[in-house]
1. Please tell me if B:G170 is assigned to a loop (DSSP other than H, G, I, E, B) and more than 16 Å from B:H78 (Cβ to Cβ).
2. Could you pull out the residue among A:N237, A:N294 that is surrounded by 19 or more Cβ atoms within 10 Å (Cβ to Cβ) and touching a Leu at 6+ places or on another chain (Cβ under 8 Å)?
3. How many of the residues in region A:146-161 are more than 7 Å from chain B (Cβ to nearest Cβ) and over 16 Å from the mean Cα position of the chain (by Cα)?
4. Go through region B:88-123 and report how many residues are touching a helix residue (DSSP H, G or I) at 6+ places or on another chain (Cβ under 6 Å) and within 14 Å of chain A (Cβ to nearest Cβ).
5. Determine if region A:174-187 includes at least one residue that is within 13 Å of chain B (Cβ to nearest Cβ), in contact with a strand residue (DSSP E or B) (Cβ under 9 Å, 6 or more places away or on another chain) and surrounded by fewer than 22 Cβ atoms within 10 Å (Cβ to Cβ).
6. Mind checking which residues of region B:252-295 are among the aromatic types (F, W, Y) and away from chain A (no Cβ under 14 Å)?
7. Of the residues A:G164, A:G135, A:G131, A:G170, only one is touching a strand residue (DSSP E or B) at 6+ places or on another chain (Cβ under 6 Å), modelled with pLDDT under 95 and more than 8 Å from chain B (Cβ to nearest Cβ); which?
There are 2 protein chains.
Amino acid sequence: MTRIGFDVGGTKIAVGAISEDYQIIARRQIPFPTGRPYKEVARVMADLAKELTDRIDSIGIGMPGEIDNKKGLVIRAHNVQFYEVPFKDEMKNYFPDIPIHIENDANAAAFAELKLGSFKNCKTAVLLTIGTGIGGGLILDGKLFNGGMNHGVEIGHMRLDSRGPLCSCGNRGCVEALCSGSWIIREGKKAVIEYPKSMIYTRTQGNIDRVDAKLVIDCAKEEDPVAVDIFNRYIDNLSSAIASITALLDPEVIALGGGVSRAGEFLLEPLRELVRQKSFFKYPYKIVAAELGNDAGIIGSALLGEFKKEADE
Amino acid sequence: MTRIGFDVGGTKIAVGAISEDYQIIARRQIPFPTGRPYKEVARVMADLAKELTDRIDSIGIGMPGEIDNKKGLVIRAHNVQFYEVPFKDEMKNYFPDIPIHIENDANAAAFAELKLGSFKNCKTAVLLTIGTGIGGGLILDGKLFNGGMNHGVEIGHMRLDSRGPLCSCGNRGCVEALCSGSWIIREGKKAVIEYPKSMIYTRTQGNIDRVDAKLVIDCAKEEDPVAVDIFNRYIDNLSSAIASITALLDPEVIALGGGVSRAGEFLLEPLRELVRQKSFFKYPYKIVAAELGNDAGIIGSALLGEFKKEADE
């Protein structure tokens, strides 16, 4: 049985084919076709899936934003600019006879971590997927939680700083506005303009379009003072967000996924220390890189059919 | 069967005797003996309970802060200045043969609301008790939630404004620092100093010790511009906190308890509107005054024995 899982983000579309024993047996990744209408995005995704394997048993799609998983609608997904889009029906045009599921991407990833990764045997756990935006997945009482009213979970839109930068959602100082990869990129771009002697400037040859989160973090690892300052402010923001979550949920595990989590212990070690200082409960919370890493999105999406079965039970 | 419930806060100790059918059949309230050692506080409380009834079957104590309900310890309760205090054992000296339970006050209140009040039949609900500090109780999956690691739930120490005022916990801009009754009092006192023409000044005859939250809210009701400004800023703070909670938990009901909630619809109506504007999910969340009002603390504490039975099952 070959299940296809899509992990759609603001910058890329990743797809994988999953074996019976949950291994990714084939995969592709392309840049997200920014600004294109959803029908074109669906066509590109259908081609990708067919390219991957000629035998598809089910398709799962994880997408950032608010999803109506019953109707297969993308209600709002700022990072891919989809609003009230019947994306499941559109995909059905290409795969009329195959079950298709669509779910919030962080929910899909948290589900994968619960079944196979960092959250195995956990009752209370939190996943933060840090990419273009911030996704969040919650495990409560040992089950994937999709909001008390089934609207979803949007950790990225918890409030962190009422006077902070504008967020894509229209509010100020959301976790996403202060802790996403986009925040690092924006600060990196500002550094190119403000500090022409910094390593960030040199590495990009002054071209702000070459700034990405990895480049800024790499410069911080090499102790460039401007990059270190950005990285320290980033950890300060992220630790506040996590301390806020520990005050409310006191979770067993907090796992970080998404591109930024690839910084590994360079990020996690100072992060743990700051969270410990800021948390109301004086407990050394377990903060780890999500075990399935960037594969959680693909695997979780591919498993969505199983989640639906469980949820219906 | 007469069960005694204590609701201990930063400014008062309330106690009630509860009948079989959960009615408060007798009650007393005294100011909290601020600055006195815990042994003296326990003695005062024991006398209060004995005054209330000569037949006591169980005693429950709700106290603000971090409680180890198994060991009967008050780990940290800033508002009453108890740290690592074996309060249950101290009370045992006065009532050696009676079951005594101690629990976080907001947990006790949320439990009462779940059994008898605003949260009946709810799966996901949030109680905010707004007094000297801010307590929070969470109902998840239809049960009282005491944190994933059993440390508790401290909604008051979620982060709201990283550059906000100092909080009793040592951090900046916690929900408690911006949304408690103490915030209103502090702003009211500042108004006495800064605006000698304001109604707050007149009503207190310039004596800042006469400022309380009710006085400020009453002046806002009478459209005193200085008080209205304080009240509007308060609602702005509180709506941000609630919007943050809706992003994470998407609850069926949010109930407000504690002294400030007595402002009723004067507070709730503009609050609902602002929460609607700020919430990520565009849903008109149900925000109500806690049904059991200030009795929730007493009733919930008196019922603590039942909670423990359920938790052990």
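1. no
2. That would be A:N237, the only listed residue that is surrounded by 19 or more Cβ atoms within 10 Å (Cβ to Cβ) and touching a Leu at 6+ places or on another chain (Cβ under 8 Å).
3. 1
4. 1
5. No.
6. Filtering region B:252-295 for residues among the aromatic types (F, W, Y) gives B:266, B:280-281, B:283, B:285.
Scanning region B:252-295 gives a single hit, B:F266.
7. A:G135
Every residue, every condition in (1) among the aliphatic types (A, V, I, L, M); (2) under 23 Å from A:E306 (Cβ atoms), yes or no:
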| site | (1), (2) |
| --- | --- |
| A:D7 | no, yes |
| A:Y22 | no, yes |
| A:A26 | yes, yes |
| A:R55 | no, yes |
| A:I59 | yes, yes |
| A:G62 | no, yes |
| A:I67 | yes, yes |
| A:V74 | yes, yes |
| A:N79 | no, no |
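The values are calculated or read from the model by the stated rules, or taken from the named source; none is laboratory data. Computed from a prediction, not measured in an experiment: that's the story for all the values here. Reconstructed Cβ throughout: ideal geometry from the backbone, glycine too, with neighbour counts over all protein chains shown.
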